[in-house]
Amino acid sequence: MAEYSLSPTGEKFQLPEQKDYLEEFGRLKMLVNNQRGLGREIVVVMGVGFVGAVMAAVVADAEDGKGNSTKFVIGMQRPSTRSFWKIPLINRGLSPISTEDPEVALMIDRCVNKKKTLIATFTYDALKLADVVIVDVQCDFLKESLGNVKNGRADMEALEESLEIIAANIDPRALVLIETTVAPGTTEQIAYPIMKKMFRKRGITGDPLLAHSYERVMPGKNYVSSIRDFWRVCSGVNEEATRRVVKFLNEVINTDKYPLTVLDRPIESETAKIVENSFRATILAFLDEWSLFAEHNGVDLIKVINAIKARPTHSNIMFPGPGIGGYCLPKDGGLGVWAYRHIHGFEDDIFKITTAAIDINDTRALHVAQLTRDALRNMGRPIASAEILVLGASYREDVGDTRYSGSELIVRRLTEMGGEIRVHDPYVLHWWEFEKQDEYPSKAHSLKRFFRGQEKLRDLRVEQDLRKALKGCDAVIFAVRHQPYLSLDPEELVKNAGVPLAVIDCFGILDDDRIMRYFELGCEVKGLGRGHVKRIKDQVQTRKEEAIRSTWSSSISRQAIDKS
Ligand SMILES: NC(=O)c1ccc[n+]([C@@H]2O[C@H](COP(=O)([O-])OP(=O)(O)OC[C@H]3O[C@@H](n4cnc5c(N)ncnc54)[C@H](O)[C@@H]3O)[C@@H](O)[C@H]2O)c1
């Protein structure tokens with residue numbers, strides 16, 4: 001029976017059948033012959049996901065000093081039901097990822113339809129034609145329990161499988177550049193032996209030309225420039241691999257302005273990536289305890305942070321929001337911890353800070369459910385069966401990427417507590433973590449497994465109309481700093497809800513004037529790190545009492561005058 005892959009907009013694409021492979025390879029060979037005639041190098045990008053799709057376009061867009069395209073890129077994606085749709089989309093010149101950077105769509109369209117330097121395919125035979133292979137498949141880190149990264153493990157399956165397929169197909173002179181974030185040691189101790197063994201099987205005596213250079217891509221407004229116009233670190237397994245990777249990156253990345261750092265060994269490049277992200281996870285986790293301190297002691301952590309930031313040495317201090325999501329920060333430190341034991345064979349427990357940071361970040365969102373419960377309780381409404389609207393599904397502001405977002409955990413915990421959840425996000429059409437929770441992010445690895453009563457969340461749909469979403473709500477949670485949420489007017493919001501409601505600020509979104517207005521309108525307000533809301537509430541209460549007292553005393557004096 002024919003199988004289909006469904007795009008995020010609902011378009012159905014039939015998966016290729018056996019007979020399609022031969023025809024597809026024929027098409028590729030013809031295209032590649034023409035492209036070689038034009039003097040272009042053939043680059044296969046394996047895995048056209050969040051990183052690979054844009055990297056493929058950046059390479060396809062590269063030109064020499066005279067404005068001639070220097071590369072022909074084939075984006076290679078395995079034809080799974082989950083991902084196949086990306087191939088026909090790219091071949092039409094459409095971006096498979098939704099992003100706020102208009103350059104992504106423009107660049108893919110330009111390279112596919114005008115420059116004709118980018119195509120996508122499903123056949124591994126493409127590898128046979130490559131001068132350079134870029135590996136952008138995922139390397140996941142699977143956690144066995146919530147808030148305990150130490151008992152997780154790296155999931156190397158996709159990466160190991162990809163490397164074996166690459167080694168079985170490529171010309172031995174092809175450069176294989178691993179961009180995937182990997183457990184330090186992977187290139188030399190996992191990738192190299194896999195490829196070497198396969199080369200031997202094929203009767204190839206030479207060494208694979210393997211290199212590592214990690215991506216620092218930041219989904220959002222500067223997606224393309226965070227790949228092309230940014231500093232890169234790289235390293236090869238031997239001199240030739242290093243020479244080739246440096247040459248290649250100089251040709252496709254803006255290294256004149258953002259010079260390359262070449263490290264001696266791939267494990268150093270791999271470690272640099274893991275340390276970079278562990279550092280960021282750590283500075284974010286650091287404020288979790290101070291956030292609770294602030295809530296318990298009438299302190300507004302947002303103002304405290306702004307005061308500290310004025311000092312240039314501390315300008316990168318950051319408010320953590322409801323948990324640290326995205327694909328990288330929750331897992332990358334874990335890859336390092338896992339590698340120490342399982343690749344390098346050490347038994348001692350040297351990791352204290354990185355693991356604590358990830359565990360704190362992974363559970364911070366649960367506190368939002370407590371604040372919601374308390375705010376509703378203060379209004380005399382039980383959380384069970386309360387209608388709760390979560391504003392923002394993605395992991396950070398103004399992007400449509402929902403991977404490991406704090407909002408997911410908020411929804412899961414509140415559902416467990418009996419709340420009825422609605423969600424609004426201007427950038428997210430489908431929240432696959434719920435709609436496909438049995439297979440997303442991968443089979444049996446949904447965060448669903450850590451909570452009870454999650455079945456109904458399969459029906460959760462992202463509402464695009466904020467007014468509709470607000471109607472009849474008991475609580476609203478500002479979970480993400482999306483632009484449209486920053487200026488929401490309290491009067492409008494309460495009017496749309498129809499009743500005063502509990503308002504939870506997870507990201508320092510509400511200024512004091514708005515917080516005061518919500519209290520004046522009869523709402524209850526709470527926020528992560530926002531201990532000062534109680535002071536504002538008391539001020540509003542005092543003012544209300546004073547107003548009652550003055551109305552009362554003026555009516556008494558009026559009565560006295562009337563009597564006299
Ligand atoms: N997303 C980010 O913001 C970001 C930032 C920096 C680094 N990274 C790193 O980049 C790497 C890729 O991340 P991503 O976000 O693009 O992941 P992704 O899941 O979006 O993409 C990976 C793609 O590889 C494909 N794939 C898996 N096995 C394959 C195979 N055998 N053959 C062909 N294709 C295959 C998958 O179907 C998927 O489309 C990861 O190591 C990640 O940590 C990601």
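The values are calculated or read from the model by the stated rules, or taken from the named source; none is laboratory data. Note that the structure is a prediction, hence the values are computed from the model and not measured. Please note: Cβ atoms are built from the backbone with ideal geometry, for glycine as well, and neighbour counts cover all protein chains shown. Areas reflect the complete protein model, heavy atoms only, side chains present, ligands, DNA and RNA absent. Shrake-Rupley method; radii C 1.70, N 1.55, O 1.52, S 1.80 Å.
Given a Förster distance of 25 angstrom, what is the FRET efficiency for K221 paired with I283, based on the Cβ-Cβ distance and rounded to 0.05?
Values: r = 22 Å, r/R0 = 0.89.
Efficiency at R0 = 25 Å is approximately 0.65.
Using only DSSP helix segments of four residues or longer, with each worth -39500 (n - 2.57), what per-residue ellipticity at 222 nm results for the chain after dividing by its residue count and rounding to 500?
-12500 deg cm²/dmol
Find, among the GluC sites (Glu not before Pro) in segment 420-461, those assigned to loop by DSSP (not H, G, I, E, B) with at most 15 other beta-carbon atoms within 10 angstrom.
In loop regions of segment 420-461 (DSSP not H, G, I, E or B), the sparsely surrounded GluC sites (Glu not before Pro) are E439.
Using a simple spin-label model with points 7 Å from Cα along the Cα→Cβ vector, what separation in nm is obtained for D64 and R265?
Roughly 3.8 nm, to one decimal.
Could you give the angle, 0 to 90 degrees to the nearest 10, between helix 157-169's Cα long axis and the longest principal axis of the Cα atoms of the chain?
20
Could you please state, rounded to a whole Å, how far the C-alpha centre of segment 441-511 is from the C-alpha centre of segment 179-250?
About 41 Å separates the Cα centre of segment 441-511 from the one of segment 179-250.
Ranked highest first by average number of other Cβ atoms within 10 Å, how do 156-169, 42-55 line up?
Numbers: 156-169: 19.8, 42-55: 25.9.
Ranking, from highest mean packing down: 42-55, 156-169.
Just list whichever of K495/K537; K71/K247; K66/K114; K436/K526; K12/K468; K12/K436 have alpha carbons separated by over 22 Å in the model shown. Please list the in-between numbers first.
On the way: K495/K537 20 Å; K71/K247 13 Å; K66/K114 17 Å; K436/K526 32 Å; K12/K468 29 Å; K12/K436 16 Å.
Pairs exceeding 22 Å: K436/K526; K12/K468.
Report, in whole Å, the centroid distance computed from the Cα atoms of segment 262-311 and segment 352-388.
21
Of the options V149, L335, G37, report the single residue whose Cα projects farthest towards the positive end of the charge dipole of the chain (beta-carbon charges: Lys, Arg +1; Asp, Glu -1).
Sorting the options by dipole projection puts first G37.
Please express the shape of segment 1-90 as an equivalent ellipsoid: the semi-axes are the square roots of 5 times the eigenvalues of the C-alpha gyration tensor, given largest first in whole angstrom.
Its equivalent ellipsoid spans semi-axes of 27, 17, 9 Å.
Applying the Karplus parametrisation 6.51 cos²θ - 1.76 cosθ + 1.60 with θ = phi - 60° to the phi angles of segment 220-236, what ³J(HN,Hα) value in whole Hz is obtained for each residue in order, glycine and proline being reported as x?
x, 5, 10, 3, 5, 5, 6, 9, 7, 10, 7, 5, 10, 10, 8, 6, x
Pull out the extension gain between A307 and S442, defined as 0.36 nm times the separation in residues minus the alpha carbon to alpha carbon distance; nm, one decimal.
44.3 nm
In the chain, what percentage of the DSSP-assigned beta bridges are antiparallel, given to the nearest 5?
Given both bridge residues lie in the chain, the antiparallel proportion sits at roughly 20 percent.
Contour minus end-to-end for R82 and D538, with contour as 0.36 nm per residue of separation and end-to-end as the Cα-Cα distance? Numbers along the way, then the final one.
Values: separation 456, 0.36 × 456 = 164.16 nm, distance 5.26 nm.
Computed gain between R82 and D538 is 158.9 nm.
Compute the helix-to-body angle for 332-342: its Cα long axis versus the longest principal axis of the chain, expressed 0 to 90° and rounded to tens.
In the chain, helix 332-342 runs at an angle near 50 degrees to the longest axis.
For the chain, with equal point scatterers placed on the C-alpha atoms only and solvent neglected, what are the log10 I(q)/I(0) values from the Debye formula at q = 0.09, 0.12, 0.13 1/Å, to two decimals?
Relative scattering, expressed as log10 I(q)/I(0), comes to -0.74, -1.19, -1.34.
Can you compute log10 of I(q)/I(0) for segment 74-204 with the Debye formula, treating each Cα as one identical point scatterer, at q = 0.09, 0.17 Å⁻¹?
-0.34, -1.02
Mind checking which aspartates and glutamates have their Cα closer than 14 Å to the Cα of K116? Skip sequence neighbours fewer than 8 apart in that chain.
E41, D61, E63
For V503, enumerate residues with amide H under 5 Å from its amide H, sequence gap 5+ or separate chain, H modeled in the peptide plane.
V476, E524, V525, K526
Within the chain, what whole-number % of the accessible surface is contributed by carbon and sulfur, with the 1.4 Å probe and all protein chains included in the calculation?
53
With axes computed from alpha carbons, what is the tilt in degrees of helix 192-201 against the longest principal axis of the chain, rounded to the nearest 10 within 0 to 90?
30
Farthest toward the dipole's positive end in the chain, which of G206, A158, V525, given Cβ charges of +1 (Lys, Arg) and -1 (Asp, Glu) about the Cα centre?
Going by the Cα projections, it comes out as V525.
Test of understanding: what is the full-extension gain from S553 to R458, defined as 0.36 nm times their sequence separation minus their Cα-Cα distance?
Gain on stretching S553 to R458: 28.4 nm.
Hey, got a sec? Which trypsin sites (Lys or Arg not before Pro) in segment 248-339 land in a DSSP loop and have at most 12 other Cβ atoms within 10 Å? Before the final figure, lay out the partial values.
Details: sites: K257, K273, R280, K303, K309, K331; in loops: K257, K331.
Passing both the DSSP loop test and the Cβ count: K257.
Using just the C-alpha positions of segment 253-376 as equal point scatterers, what log10 of I(q)/I(0) does the Debye formula give at each q in 0.12 1/Å?
Debye curve over Cα of segment 253-376, log10 I(q)/I(0) at q = 0.12 Å⁻¹: -0.61.
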